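**Student:** For reference, the structure I am asking about is given below.
The values are calculated or read from the model by the stated rules, or taken from the named source; none is laboratory data. Just so you know, these numbers come straight off a predicted model, no measurement behind them. Neighbour counts are summed over all protein chains in view; Cβ atoms, including those assigned to glycine, are modelled from backbone coordinates with ideal geometry. Ligands, DNA and RNA are stripped out before the accessible areas are found, and what is left, the full protein with its side chains, is counted by its heavy atoms. Shrake-Rupley method; radii C 1.70, N 1.55, O 1.52, S 1.80 Å.
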Amino acid sequence: MSDWHSWAAIAVFVIAYVAIISERVHRTAAALAGAAAMLVISATDDKAAFFDEHSGIDWNVVFLLLGMMAIVGVLRQTGVFEYLAIWAVKRARGKPFRVMTMLIAITASASALLDNVTTVLLVAPVTLLVCERLALPAAPFLIAEVMASNIGGTATLVGDPPNIIIASRGGLTFNDFLVHLAPIAAVLTAVLVVMCRVMFRKVLVYDQDRAADVMALEEHEAIRDHRLLYQGLGVLALVVIGFVAHPVLHYAPSVVALLGAGLLIAISKVETGEALKEVEWPTLAFFAGLFIMVGALIETGVIGEVSRALADATGGSELGATMLLVFGSAVLSGVVDNIPYVATMAPITADLAHGFGGDGVHVLWWALALGADLGGNATAIGASANVVVLGIAERNQQPISFWQFTKYGLVVTAVTVTIAAGYLWLRYFALG
């Protein structure tokens with residue numbers, strides 16, 4: 001690609017990004033217009049945009065979302081989310097901060113076993129109902145949960161899509177992630193709870209009357225269709241097993257999710273149209289547009305140049321490379337989705353690790369994972385889970401603006417990435 005294409009691609013991306021954060025244009029319209037512009041100026045082409053897994057639409061992400069959204073849509077009809085909402089509020093005695101802490105812990109733990117997008121798809125409906133029952137704004141709870149999902153997803157190989165890319169490129173196992181990243185993920189989850197107490201203290205107001213009303217409810221009465229509930233939970237369990245057994249079955253998560261959705265619709269009495277009505281189509285279209293725009297930056301060599309500059313700036317210091325990688329990845333993952341960023345940065349990280357004489361398990365891989373995963377919290381489009389939650393909130397008349405998310409995300413990212421950098425220094429340099 002020529003320099004002209006590179007600069008034109010940067011201009012298109014910046015204009016689309018400004019349109020998204022200004023919110024004068026719907027984010028889906030801005031992303032699709034940006035994707036169309038990239039094709040018009042030949043920064044990418046149809047083959048790269050639609051069929052190249054490295055520089056085009058990541059269909060695994062799109063179809064994973066589609067399948068899980070359909071499953072959640074069927075489960076919603078059973079009343080199980082109302083059941084969980086009442087159960088959670090009763091266990092927390094109706095006190096908002098206790099409810100938030102419980103939801104953060106559940107989300108972070110679930111994200112370590114499922115991918116973080118699937119987790120927020122399951123937890124968000126419960127959160128909306130909890131907030132409705134307690135007359136609380138949903139935005140703080142949803143923001144806290146999506147950040148917990150990105151932090152919790154850091155802990156394991158399957159928790160966040162970038163981790164899968166890192167594991168494949170670095171030859172890392174599930175246990176490698178568990179040993180090296182799970183401890184810091186647990187610490188950062190506790191830090192998030194403390195930060196949420198400070199950031200959202202003004203809205204975490206206890207309403208004794210509302211709490212008393214919820215405490216009087218019987219959660220079992222919320223279940224409307226027991227047969228459909230058993231069918232839905234059975235299929236969901238099979239899907240989770242499919243996710244965890246990926247190294248053995250070799251089925252992509254998207255295939256597992258689509259098989260699960262098809263099976264559930266087939267064995268239940270729910271009409272296909274009813275199940276698909278719950279799918280967040282604008283969110284899927286936004287992802288498609290975003291993937292094409294970022295793919296164009298990859299095709300024109302823009303992201304490669306940024307990544308190489310990051311690598312060249314290390315000056316031959318292993319500690320310097322680690323710190324630059326964790327902080328640099330956090331910054332860049334807040335601007336572009338962390339999946340294509342990690343796909344581009346993984347081979348450069350492999351070269352760096354080899355140059356320092358550490359193939360395989362190496363601190364640079366953990367720096368890349370922590371920077372990319374935690375940096376996804378920085379902005380509303382930094383990670384896939386963020387976009388999904390904003391779409392759910394908008395559909396339920398609880399919209400979260402780009403800046404409302406980002407003003408908290410920047411603070412949380414700065415604190416968690418700094419702590420993660422300290423962890424890397426202490427474990428692998430000071431004590432290593």
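**Student:** Name every residue in the range 205-214 that is open to solvent by 50 Å² or more (accessible area, probe 1.4 Å) and within 15 Å of Glu82 (Cβ to Cβ), in order of residue number.
**Tutor:** The answer is Asp213, and nothing else.
**Student:** Looking only at the range 378-402, filter to residues that are among the aliphatic types (A, V, I, L, M) and assigned to a loop (DSSP other than H, G, I, E, B); which one of those is nearest to Ala414 (Cα to Cα)?
**Tutor:** Of everything passing the filter in the range 378-402, Ala378 is nearest to Ala414 (Cα to Cα).
**Student:** Same structure again: Keeping to the range 86-110, report how many residues are open to solvent by less than 50 Å² (accessible area, probe 1.4 Å), within 23 Å of Tyr230 (Cα to Cα) and in contact (Cβ under 8 Å) with a residue 60 or more places away in the chain.
**Tutor:** Residues in the range 86-110 being open to solvent by less than 50 Å² (accessible area, probe 1.4 Å), within 23 Å of Tyr230 (Cα to Cα) and in contact (Cβ under 8 Å) with a residue 60 or more places away in the chain: 1 in total.
**Student:** Give the number of residues within the range 338-353 that are modelled with pLDDT of 75 or more, more than 20 Å from Leu297 (Cα to Cα) and open to solvent by 10 Å² or more (accessible area, probe 1.4 Å).
**Tutor:** 2
**Student:** Any idea which of Gly234, Gly320 is open to solvent by less than 40 Å² (accessible area, probe 1.4 Å), within 27 Å of Val62 (Cα to Cα), assigned to a helix (DSSP H, G or I) and without any contact (Cβ under 8 Å) to a residue 60 or more places away in the chain?
**Tutor:** Gly234
**Student:** Tell me whether the range 365-377 contains one or more residues that are free of Cβ contacts under 8 Å to residues at least 60 places away in the same chain, within 14 Å of the chain's Cα centre (by Cα) and assigned to a helix (DSSP H, G or I). Full working, then the answer.
**Tutor:** Looking only at the range 365-377, we keep the residues that are free of Cβ contacts under 8 Å to residues at least 60 places away in the same chain, and these are 367, 371, 375.
Cutting the leftovers down to within 14 Å of the chain's Cα centre (by Cα) gives us 371, 375.
Filter again for assigned to a helix (DSSP H, G or I), leaving 371, 375.
Looking for residues that are free of Cβ contacts under 8 Å to residues at least 60 places away in the same chain, within 14 Å of the chain's Cα centre (by Cα) and assigned to a helix (DSSP H, G or I), one finds at least one in the range 365-377, hence yes.
**Student:** Specify the residue that is modelled with the lowest pLDDT; the eligible residues are those in the range 37-51 that are under 11 Å from Val12 (Cβ atoms), among the hydrophobic types (A, V, I, L, M, F, W, C) and surrounded by 15 or more Cβ atoms within 10 Å (Cβ to Cβ).
**Tutor:** Restricting to residues being under 11 Å from Val12 (Cβ atoms), among the hydrophobic types (A, V, I, L, M, F, W, C) and surrounded by 15 or more Cβ atoms within 10 Å (Cβ to Cβ), the top hit is Ala43.
**Student:** Quick one: Ile223 ticks every box in (1) within 27 Å of the chain's Cα centre (by Cα); (2) closer than 23 Å to Thr107 by Cα; (3) open to solvent by 20 Å² or more (accessible area, probe 1.4 Å) bar one, so which box is it?
**Tutor:** (1)
**Student:** If Pro162 satisfies all but one of (1) surrounded by fewer than 22 Cβ atoms within 10 Å (Cβ to Cβ); (2) more than 22 Å from Arg91 (Cβ to Cβ); (3) touching a residue at least 60 places away in the same chain (Cβ under 8 Å), what's the number of the condition it fails?
**Tutor:** The single condition Pro162 does not satisfy is (1).
Residue-by-condition table, conditions (1) open to solvent by 20 Å² or more (accessible area, probe 1.4 Å); (2) in contact with an Asp or Glu (Cβ under 7 Å, 6 or more places away or on another chain); (3) within 21 Å of Gly382 (Cα to Cα):
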site: Val120; (1), (2), (3): no, yes, yes
site: Leu134; (1), (2), (3): no, yes, no
site: Phe141; (1), (2), (3): no, no, yes
site: Ser149; (1), (2), (3): no, no, yes
site: Ser168; (1), (2), (3): yes, no, no
site: Asp176; (1), (2), (3): yes, no, no
site: Ile184; (1), (2), (3): no, no, yes
site: Arg197; (1), (2), (3): yes, no, no
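**Student:** So, one more: So, of the residues in the range 394-431 that are at pLDDT 90 or above and of a type in the set (Lys, Arg), which turns out to be least open to solvent (accessible area, probe 1.4 Å)?
**Tutor:** For the range 394-431, the residue satisfying everything is Arg427.
**Student:** Taking the stated definitions as given, is Val279 modelled with pLDDT under 85, part of a loop (DSSP other than H, G, I, E, B), among the aliphatic types (A, V, I, L, M) and closer than 25 Å to Ala385 by Cβ?
**Tutor:** Answer is yes for this residue.
**Student:** Taking only the range 244-270 into account, find how many residues are under 24 Å from Leu229 (Cβ atoms), open to solvent by 80 Å² or more (accessible area, probe 1.4 Å) and assigned to a loop (DSSP other than H, G, I, E, B).
**Tutor:** Total meeting the criteria: 1.
**Student:** How about the range 37-67: which of its residues are small (Gly, Ala, Ser), in contact (Cβ under 8 Å) with a residue 60 or more places away in the chain and either in a helix (DSSP H, G or I) or closer than 11 Å to Phe291 by Cα (or both)?
**Tutor:** Pass one, the range 37-67, residues small (Gly, Ala, Ser): 37, 42-43, 48-49, 55-56, 67.
In the following step, the residues that additionally are in contact (Cβ under 8 Å) with a residue 60 or more places away in the chain were identified as 43, 48-49, 55-56, 67.
Listed by number, the residues that qualify are Ala48, Ala49, Ser55, Gly56, Gly67.
Residues checked against (1) of a type in the set (D, E, K, R); (2) more than 14 Å from Ala369 (Cα to Cα); (3) in a helix (DSSP H, G or I):
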| residue | (1), (2), (3) |
| --- | --- |
| Gly153 | no, no, yes |
| Val158 | no, no, no |
| Pro162 | no, no, yes |
| Ala182 | no, no, yes |
| Ala185 | no, no, yes |
| Val191 | no, yes, yes |
| Met195 | no, yes, yes |
| Val205 | no, yes, no |
| Asp213 | yes, yes, yes |
